[in-house]
Amino acid sequence: MPIYRVFQGQAFEPEQVAMLAQVFDDVLPLLGLRDREDLVTTLVAQKIIELAQSGVRDPATLKRLILEAFKKD
């Protein structure tokens, strides 16, 4: 699923959407996710949006927080 579908209806500037999409693309392989239709992939996208809405806008911080939230030990 393209992450842009998840961003529909969200209040982000185009630059922010591009940055969030890049974070999404960067973390998927780190989490071992390849199938964009996988439910976990959608959850990752939703978590990125949730963090961004709460004020986290630094790409490195977003990546770290996503990896912490979804990484299997």
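General remarks:
- Listed conditions (1) at pLDDT below 90; (2) surrounded by fewer than 17 Cβ atoms within 10 Å (Cβ to Cβ); (3) in a helix (DSSP H, G or I) are all met by D26, apart from (1).
- Residues in region 47-64 that are outside any helix (DSSP H, G or I) and of a type in the set (D, E, K, R) were compared, and the one that is modelled with the highest pLDDT is D58.
The values are calculated or read from the model by the stated rules, or taken from the named source; none is laboratory data. For clarity, every value in this text was computed on a predicted model and none was experimentally measured. No Cβ is skipped: glycine too gets one built from the backbone with ideal geometry, and neighbour counts run over all protein chains shown.
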